[in-house]
C-alpha cells in the first residue's frame, strides 16, 4: 500500500445551523429599518424576516467542502471541492522539497527553478507527518535555516541563501527513528487494571452559558425595542425612530453573530484514556447519546502517539491553522492514523497518562535527562570514560573518582594556583587557575557532580586556595545585619517609621496611566448608561432633557465612587526572595507562588491571545496571569534583585534551583 497524507480541511456536513451571508443580510436589515414602510407591523416583520434569512439558509444549505492538499505517489496536489486537481506538482518533476525552520514554508525545487507553495499549517499538514510521508515516497527533503523571504530567486546560491538547519532536521530525524522503532515493535494490549483517565480542558471564562445568555439578552432587547417602535407609531415610525430601530437591529445582530462565533471556537476537549482505546469529544460534558461524534481510536492500531504543536481547522472560517497542542496517532506502517485535538489540555498530564497506560509517546522537545551543555561533553574525553565519575577533594589536590570512590585522575596541589566559584546564568561554575594566574579549566558543578558548599568547605579544609566572592559577600551582609540588630537603632532611626511586618520584598502597583484610563472608562460607561436611560424613559420622568440634567451628574458620581471603592482595595504584585504573590491593599492574598515553582516571569506573546503578563512553571506551563499591568522595568529590576527568573523558561533543558551560597 502506497503512503498517502491528506491535509486537514473543512468536511462538515449540512445542517450545522451556521448563518450564511451574515454581513450582507445585516446591511439589508439596516436598510429595511431605515425605509418608510407603512404600516408599522409590516416594517417590523420585514426587519425580522431579513435578519432571519442567514440562519434559515445555514439550516437548509449544506456547507461545501473546502479545498485540501494531498501528498501521494502522484505528487503534491490541491484537490478542489468537486474532486478535481486545482494545483499539482507531479512526483517525477520534483527534485527536492525544502521547508524553512522559522515559518514552516514549503518550497518545491524542480529542474527549471523553484515554486513556493505555502506554509504547512495553511496547507493542513504537520511537519513530522509531512516529513515522514515525503521520505517514504522517495522525495528528497531538507530543512533550511531562516524564513521564506531569504530564499534566492535565481538558481545560483548567493551569500545570504539559507543554510541547512541541522538542529531542526536532526529533531525530525530523531522522531522518525522513534516512529520506525515503534512501528516494528508491536505493542501488547495490557489488561485494563486502572480506572480510565479523564482529562478535560478548562472551560472558557466567562462560560458558554453566560456568553449565550448575554448574547440572547441583547438580541431580545433589540427585538423588543423594534417592536415598541412599531407599536408607538402604527401608521409608520418617523425618521428618528427608524434610526434608533436601525441601531438596535445592528446591536442585536452583532451580538448574535459574536455569540455564535464564540460558541463555535470555544468547545472544550474531553479525553478518555484506557489501555484499550482513546476517546476524544468536543463540547460540554453531557450524557453519551446515540450518534455521538466522539473520535475513537483503538490501541491495537496505534504504534506511537506524537504529542506537540499541530494543526486545527478553524470552526468559523474553515481554514486550517497552527494550534499549540495536538496528538498524531501513527499506525504500524508509519502512516497517519488519526489527528486528535488536545488544545486546552495540560501537556504534562496528557503525556504521562498516555505513557502510564502503555502507549508509546513521542514529543518533539524530548531530550536526555542531562543535556550536553551541562553533561560531560564539555570536559576532556577521559572524564566521560569513568563510570559514575565525580569531582572530589583529596589531601594533595583535586581528583576525579569513580562510582566506588576510587580516585582515577589527580590534579596535584602545586599546579593549582586558585579555585574560583561563581554563578553563570543561574548555575554554579568552577574555574581553575594555574600558578601564573591563567585559567586552564572551567565547568558547571552540575557536570562535576559536587555541590558548591562541599567543594568550598573541603577545599578550605585541605588548605587549597579557594575564592567564593558571592558567599563572602553573603556572610558580610549577614554579619552587619546581626551587628546592627544587637546594637539597636540610633536616635534618628528610632524616630523613623517602623519597617513593614510583611518581610522583605517590593510591592508593584498598576501604572498611573492604567489607573487613570480605568477611571475614565468607568465614568464613560456610567455616562453612556445615564444618557441612554434618559432618552429611553425620559418621557415618563418629565422629559428627556430634564431627566438628562440630573442623570448625567448622577452617572458621573456613580462612576467615580464605584471605581474608588474598587481602587482602594486593588491588587498589588509582591516580589520577594521567597517568591511572587498578588496581595490586596488590605493584605488579602489572592495567590502565592514559591520560588521553586517559578520558572519565569514575563510577557506571553501567544498567537491566540493578547500579550499578557504571566508566571511560568519550570516546564513552561502558565501558572498564573497578572490581571493588572505593573511597570515592566520595575518588575524586571525586582526579579533581578531577588533572584527570580525574568523571561520565559528554557523549554529544552531543565531549570535547576538557584545556586546555593
The condition of being modelled with pLDDT of 60 or more, surrounded by fewer than 13 Cβ atoms within 10 Å (Cβ to Cβ) and touching a strand residue (DSSP E or B) at 6+ places or on another chain (Cβ under 8 Å) holds, among 649, 611, 629, only for 611
Across the stretch 557-607, the tally of residues that are in contact with a helix residue (DSSP H, G or I) (Cβ under 6 Å, 6 or more places away or on another chain) and in the same structural domain as residue 536 (by TED's automatic domain parsing) stands at 3
Among strands (runs of 3 or more DSSP E) entirely inside the stretch 66-142, those with 2 or more residues being closer than 26 Å to residue 173 by Cβ are 68-72, 75-79, 96-100, 105-110, 113-119
For the stretch 413-426, the count of residues that are modelled with pLDDT under 85 and over 46 Å from the mean Cα position of the chain (by Cα) equals 3
Condition test on residue 522, is it buried (at least 17 other Cβ atoms within 10 Å of the Cβ), in contact with a helix residue (DSSP H, G or I) (Cβ under 7 Å, 6 or more places away or on another chain) and in the same structural domain as residue 613 (by TED's automatic domain parsing)?
no
Hey, any hits in the stretch 306-328 for a residue that's surrounded by 20 or more Cβ atoms within 10 Å (Cβ to Cβ), outside any loop (DSSP other than H, G, I, E, B) and more than 21 Å from the chain's Cα centre (by Cα)? no
Checked the stretch 198-218 for anything touching a residue at least 40 places away in the same chain (Cβ under 8 Å) and part of a helix (DSSP H, G or I); matches are 208, 211, 212, 214, 215, 216
Flagged in the stretch 220-246 as within 30 Å of residue 266 (Cβ to Cβ) and free of Cβ contacts under 8 Å to residues at least 40 places away in the same chain, in numbering order, are 220, 221, 222, 224, 225
Check your understanding: Yes or no: residue 132 surrounded by fewer than 22 Cβ atoms within 10 Å (Cβ to Cβ) and in contact with a strand residue (DSSP E or B) (Cβ under 9 Å, 6 or more places away or on another chain)?
Key -> no
Of the residues in the stretch 406-452, those that are out of contact with any strand residue (DSSP E or B) (no Cβ under 7 Å at 6 or more places or on another chain), exposed (fewer than 15 other Cβ atoms within 10 Å of the Cβ) and not in a strand (DSSP E or B) number 10
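The values are calculated or read from the model by the stated rules, or taken from the named source; none is laboratory data. Please read all numbers here as calculations on a predicted model, not as lab measurements. Note: ideal-geometry Cβ built from the backbone for every residue, glycine included; neighbour counts use all protein chains shown.
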